[in-house]
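Worksheet: the structure to be examined is printed underneath.
Laboratory data are not the source of any read-out in this text; all were calculated from the coordinates shown. Quick caveat: nothing in here was measured; it's all calculated off a predicted structure. So basically every Cβ, Gly included, is an ideal-geometry build from the backbone, and we count neighbours across all protein chains shown.
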Amino acid sequence: MYAIVDIAGQQFKVEAGAKIFVNRLPAKKDEKVTFDKVLLIDNEGAVKVGAPYVEGAVVSATVIDDDVKAKKVLVFKKIRRKGFQKLNGHRQKLTRIQIDAIA
């Protein structure tokens with residue numbers, strides 16, 4: 001059984017027991033969160049597609065870590081023949097969650 005869920009503006013394919021990284025959530029560590037924006041549920045071949053969301057479907061999860069940094073993204077700017085070079089780095093903050101159940 002899996003579901004496609006809209007979490008913090010992004011869509012994720014989740015299953016029970018899966019651990020995923022999502023954009024920063026306001027929840028603290030070991031806190032329970034629920035997501036009701038379920039777009040699709042597949043229960044071993046029985047597919048329910050929402051318009052836009054499946055009614056009554058809820059995905060519950062537990063926050064494992066609330067302050068994780070992603071890999072560094074390097075931004076390099078250069079203007080040729082002018083001697084201009086600039087290098088900036090950025091690390092996005094993420095939240096790691098574990099999916100408990102799809103109901």
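Each Lys or Arg adds one and each Asp or Glu subtracts one; over the other residues with Cβ under 9 Å from the Cβ of ARG91, this totals +4. What percentage of all Cα-Cα pairs in region 18-72 are separated by more than 18 Å? It works out to 46 percent of all Cα pairs. Note on the chain: with charges restricted to the Cβ of Lys and Arg (+1) and Asp and Glu (-1), its dipole about the Cα centre is near 1580 debye.
Among the listed pairs LYS37/LYS72; LYS71/LYS93; LYS32/LYS71; LYS37/LYS69; LYS13/LYS48; LYS29/LYS93, which have their C-alpha atoms separated by more than 21 angstrom in this model? Flagged as over cut-off: LYS37/LYS72; LYS32/LYS71; LYS37/LYS69. Counted by Cβ distance under 11 Å from ALA101, the other residues give a net charge of -1, where Lys and Arg count +1 and Asp and Glu count -1. One chain, two ends: VAL68 and ALA51. Fully extended at 0.36 nm per residue, the span grows by 2.8 nm beyond their Cα-Cα distance. A Cα-only calculation for the chain places Rg and Dmax at 18.5, 61 Å.
So, counting K/R as plus one and D/E as minus one, what does the shell of residues with Cβ under 13 Å around ASP42 add up to?
With Lys, Arg at +1 and Asp, Glu at -1, the net is 0.
In this simple spin-label model, placing a label point 7 Å from the Cα along the Cα-to-Cβ direction at both LYS82 and GLU44 gives a separation of 6.3 nm.
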